[in-house]
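Chemist: To start, I am sharing the structure in question, which I have written as structure tokens.
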Amino acid sequence: MTNSSGELSLHGQDPSNNPLYLSGNTGGNNTRNIPNPIPSGREIFIAVNPVVVTEAEAKAKNTSADLRKLASDDEDSATKANLTINGKVHDLKTLNFRVPTEPFNVTLPPEALWGASPPGTSKAVADGYYAITNALTPGNYKIDIDAEVSNSFEKSAPWQSKVTYNFKVV
């Protein structure tokens, strides 16, 4: 599923439940205009610079300790994890908003994104920089996510992502 316009940014999310989810894990430069207004009082969980490592992707390095190390090495190399909300910049590295997880199970579908295979249940760990907003009040919002990793788990080259979300809260 691609979402270059932003139309699907909240796809499958129940607008009556908190929080909504936005991700900066897209790579490259993207602007997403969310066409439908968001009800006031909602919070937004924002994955600014996340990585998820599955045993399917890690191949031979698939113990829980191996997965943790791969995810940790990725995020240890983060050079930037900035979140800007309506012009106010938050440096999540300085604020120490990094959260690693314990191992958990994910289900990979056939023809999974980013070539993860084989399909089925796979052990995974996540690590990264995350934030959650306060309940949003009515108005126009612009959220910029600016993240960089110099030693990406998934690629041999550095990874960067700049994403802008524009939306209205009513």
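Chemist: Determine, yes or no, whether Y141 is under 23 Å from F104 (Cβ atoms), at pLDDT 90 or above and aromatic (F, W, Y).
Modeler: Working: under 23 Å from F104 (Cβ atoms): no; at pLDDT 90 or above: yes; aromatic (F, W, Y): yes.
Judged against the criteria, Y141 is not a match.
Chemist: Moving to a separate point now. Does S122 fit the bill of being surrounded by fewer than 18 Cβ atoms within 10 Å (Cβ to Cβ) and more than 13 Å from the chain's Cα centre (by Cα)?
Modeler: No, not satisfied.
Chemist: It is to be established whether one or more residues within the range 16-30 are open to solvent by 60 Å² or more (accessible area, probe 1.4 Å), modelled with pLDDT under 65, in a loop (DSSP other than H, G, I, E, B) and closer than 27 Å to P118 by Cα.
Modeler: No, every residue in the range 16-30 fails to be open to solvent by 60 Å² or more (accessible area, probe 1.4 Å), modelled with pLDDT under 65, in a loop (DSSP other than H, G, I, E, B) and closer than 27 Å to P118 by Cα.
Chemist: Also, quick follow-up: Take the residues of the range 145-170 that are modelled with pLDDT of 90 or more and open to solvent by 40 Å² or more (accessible area, probe 1.4 Å): which is farthest from K88 (Cα to Cα)?
Modeler: S150
Chemist: Also, I was wondering about something else. Going by what's in this entry, would D127 be described as closer than 25 Å to V106 by Cβ and charged (D, E, K, R)?
Modeler: So D127 passes the test.
Chemist: Does N96 fit the bill of being loosely packed, with under 13 Cβ neighbours inside 10 Å, in a loop (DSSP other than H, G, I, E, B) and of a type outside the set (A, V, I, L, M, F, W, C)?
Modeler: Working: loosely packed, with under 13 Cβ neighbours inside 10 Å: yes; in a loop (DSSP other than H, G, I, E, B): yes; of a type outside the set (A, V, I, L, M, F, W, C): yes.
Taking the combined requirement at face value, the residue satisfies it.
Chemist: Only residues in the range 34-48 that are under 17 Å from Y130 (Cα atoms) and in contact (Cβ under 8 Å) with a residue 24 or more places away in the chain count as the first member; pair them with residues that are open to solvent by 10 Å² or more (accessible area, probe 1.4 Å) and among the β-branched types (V, I, T), Cβ under 6 angstrom, at least 6 apart or cross-chain, and list the lot.
Modeler: Close Cβ pairs (under 6 Å, with a partner that is open to solvent by 10 Å² or more (accessible area, probe 1.4 Å) and among the β-branched types (V, I, T)) amount to E43/I132; E43/T133; I44/T133; F45/I132.
The values are calculated or read from the model by the stated rules, or taken from the named source; none is laboratory data. All values reported here derive from a predicted model rather than from experimental measurement. Note: ideal-geometry Cβ built from the backbone for every residue, glycine included; neighbour counts use all protein chains shown. Heads up: the accessible areas ignore ligands, DNA and RNA and are worked out on the full protein's heavy atoms, side chains in. Shrake-Rupley method; radii C 1.70, N 1.55, O 1.52, S 1.80 Å.
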